[in-house]
Amino acid sequence: MTIHQHDIECREFDPDAARAVRSLASDIRRRLGDTPHIATLHDPELLARIDGRVGELPDSVREAVRPPATAAGATVVRGLVVVDAEFGPTPAHWQAAAEHAADGSLDLDIAMLLLARCAGEPFGWEGQQNGRLVNNIVPAAGHEDEQSGASSTTLLSPHTEDAFHAARANLLMLACLRNPDRVATTVSSVRQVRLSEDDLRTLATPTLPILPDVSYGTGFDSLAPLPTLWFDENGAATTRYDPAYTPLDDADAEFRAAYARLTAELARVCHAPALAPGEILLVDNDVAVHGRVPFRARYDGTDRWLKRVNIRLPERRRRAQESSENGYGQRVVAPFRASTERTVERGMADERGSVEQP
Ligand SMILES: [Fe+2]
């Protein structure tokens with residue numbers, strides 16, 4: 001695999017802006033009283049304070065977390081201030097991270113919600129990490145070899161986040177709290193691959209379904225076939241790709257060969273930023289697939305720890321056919337949707353554009 005370490009878009013919070021994010025998050029937390037609903041972050045008072053006060057952040061924060069601007073479909077944003085001692089040890093699994101957030105990373109959770117709200121609409125999944133709006137990505141004992149964020153010793157194959165679902169994120173925000181072994185995250189863009197016209201035609205034809213990943217459970221029946229790679233209304237390459245959850249053996253040889261060539265191209269154009277504490281990776285989930293190189297988990301409280309937020313960009317359209325997908329019964333928790341819809345109803349163009357995604 002060719003690794004391109006440096007040719008990925010980088011942005012930097014200016015120091016005042018970075019301080020403003022952390023101090024607004026701390027102030028919101030202080031005013032919350034006994035920090036209710038930390039397991040999910042669904043507390044209406046917290047959400048109202050995020051929406052009510054996100055506008056206090058300088059414009060440069062919104063600039064820094066706007067969707068990636070280059071064909072790489074990914075951007076590293078540097079400069080969020082994180083102090084290792086403030087979080088406590090890396091928890092043993094996501095449940096522990098959520099339950100003990102009040103003693104450690106809750107301020108960072110709120111900072112992440114503020115940043116995600118600057119970019120679009122943060123949301124969670126009912127069936128994943130208890131619907132929490134900010135997920136914790138930590139290696140978990142017993143899950144080393146699975147294709148999920150809890151794994152470690154296995155290569156986490158490049159994938160579209162929640163490729164199986166029509167309501168998947170447009171933008172992923174991955175913030176690094178701790179990464180002592182500099183474990184690289186991988187990102188590869190379908191806007192940088194080179195494929196023949198025949199392969200593009202084959203991959204645009206709905207051929208195979210994509211199943212939910214193991215973090216949602218198991219035993220799902222295969223449903224409608226989906227296209228793998230197609231061109232959106234602006235002629236830009238777009239993808240839903242998750243080989244670990246795609247029944248490739250059910251396709252004919254021509255499709256499997258085209259899929260294999262796409263996989264090889266995604267490896268060729270792979271970028272592998274090793275996030276440092278305080279760095280945030282933005283991934284355009286319609287354009288770039290992401291994964292993680294293998295590593296040996298320590299399980300001693302010092303392991304790699306990322307925070308992840310799924311973000312919907314209301315101005316971005318998806319293929320009309322996706323609106324009929326049933327999503328294997330998985331439902332989003334989208335508490336910020338209502339305020340976007342109120343904005344649209346009032347006929348106000350919000351600052352990110354005014355076209356509603358179906
Ligand atoms: Fe992922």
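Just one of the listed residues (Ala141, Ala150, Ala119) is of a type in the set (A, V, I, L, M, F, W, C), open to solvent by 40 Å² or more (accessible area, probe 1.4 Å) and either at pLDDT 90 or above or within 12 Å of the ligand (Cβ to nearest atom) (or both), and it is Ala141. Of the residues making up the range 249-276, those that are closer than 30 Å to Glu9 by Cα and not hydrophobic (A, V, I, L, M, F, W, C) are Tyr259, Arg261, Thr263, Glu265, Arg268, His271, Pro273.
With in contact with a helix residue (DSSP H, G or I) (Cβ under 9 Å, 6 or more places away or on another chain), within 18 Å of Phe336 (Cβ to Cβ) and surrounded by 14 or more Cβ atoms within 10 Å (Cβ to Cβ) as the only criterion, which of Val77, Val65 stands out?
Details: Val77 fails: within 18 Å of Phe336 (Cβ to Cβ).
Only one candidate qualifies: Val65.
Inspect all residues belonging to the range 163-184 and state whether any of them is within 15 Å of the ligand (Cβ to nearest atom), acidic (Asp, Glu) and touching a residue at least 40 places away in the same chain (Cβ under 8 Å). No: zero hits. Criterion applied to Leu203, Leu171, Leu211, Leu155 was being aliphatic (A, V, I, L, M), under 23 Å from Val332 (Cβ atoms) and either in contact with a strand residue (DSSP E or B) (Cβ under 7 Å, 6 or more places away or on another chain) or exposed (fewer than 15 other Cβ atoms within 10 Å of the Cβ) (or both), and the one residue passing it is Leu171. A single entry from His42, His37 fulfils the requirement of being outside any helix (DSSP H, G or I), open to solvent by 20 Å² or more (accessible area, probe 1.4 Å), more than 16 Å from Ala175 (Cβ to Cβ) and without any contact (Cβ under 8 Å) to a residue 60 or more places away in the chain: His37. Is there a residue being closer than 24 Å to Leu226 by Cβ, open to solvent by 10 Å² or more (accessible area, probe 1.4 Å) and out of contact with any Gly (no Cβ under 9 Å at 6 or more places or on another chain) anywhere in the range 179-194? Checked the range 179-194: at least one residue is closer than 24 Å to Leu226 by Cβ, open to solvent by 10 Å² or more (accessible area, probe 1.4 Å) and out of contact with any Gly (no Cβ under 9 Å at 6 or more places or on another chain).
The values are calculated or read from the model by the stated rules, or taken from the named source; none is laboratory data. Since we're looking at a predicted model, the values are computed, not measured. Note that we place each Cβ from the backbone using ideal geometry, even for glycine, and neighbour counts take in every protein chain shown. For the accessible areas, the whole protein counts, side chains as well, though only heavy atoms, and no ligand, DNA or RNA atoms are used. Shrake-Rupley method; radii C 1.70, N 1.55, O 1.52, S 1.80 Å.
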